[in-house]
1. Report yes if Ala33 is surrounded by fewer than 14 Cβ atoms within 10 Å (Cβ to Cβ) and modelled with pLDDT under 80, otherwise no.
2. Do any residues in segment 52-64 that are more than 16 Å from Ser26 (Cβ to Cβ) and in contact (Cβ under 8 Å) with a residue 12 or more places away in the chain have Cβ atoms under 6 Å from those of residues that are assigned to a helix (DSSP H, G or I) and of a type in the set (Phe, Trp, Tyr), where the two are at least six apart or on different chains, and which pairs are they?
3. Quick check: is even one residue across segment 37-60 within 20 Å of Gln119 (Cβ to Cβ) and modelled with pLDDT of 75 or more?
Amino acid sequence: MDLALEELQFLNIPEICYLFFLFAFSLLSTAAAVFTVASLYTNKAVSFSSTISTIPKIFKRLFITYLWVTLLMFIYNFVFVIFLVLLIIAIDTQNSFLQFFTVIVGVLVIVNLVGLLVQNVFYCLQELPSPRD
C-alpha cells in the first residue's frame, strides 16, 4: 500500500507544475492582451517590443495583488465554513437561541454569495494593467 501512495504522490508533481505554469501564463497573457487593448484605446503605438517590455514591470504588481486576493478569499471562505458548521450544530439542537442563529446564518449565506461576487469582480479588475506603465 505504501508503494501505491508514493506513486500517487509522484504523479501529483506534474499536476502542481501544470497549475503553476497555467497561473503564470494566464497572468502574462491577460496582462499582454489588456495592455494592448488599453494602448489602442489611448492611441498609443502598439508593438511587440513595447508590450514585452511592459509586462515585467506590471507582473510584480499583478502577482502581489493575486496573492492578496487569494488570501482574502481563503479567509472569507474559511469563516463561512465555520458559520456553516455552527449552523449544522444549531439545527441538531432544539435551543431557541440556536434556531434564531440559523436565521442569521441564512442571511449570512446570501451576504457570502454577494461577497464572493464582489471578490470575483476585484479579481478580474486586478488583472487590468494601465497603458501608462
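The values are calculated or read from the model by the stated rules, or taken from the named source; none is laboratory data. Fair warning: this is a prediction, and the values are worked out from it, not measured in the lab. Please note: Cβ atoms are built from the backbone with ideal geometry, for glycine as well, and neighbour counts cover all protein chains shown.
1. Working: surrounded by fewer than 14 Cβ atoms within 10 Å (Cβ to Cβ): yes; modelled with pLDDT under 80: yes.
When the stated conditions are applied, Ala33 passes them.
2. Listed pairs, sorted by first residue: Thr54/Phe35.
3. No, segment 37-60 contains no residue that is within 20 Å of Gln119 (Cβ to Cβ) and modelled with pLDDT of 75 or more.
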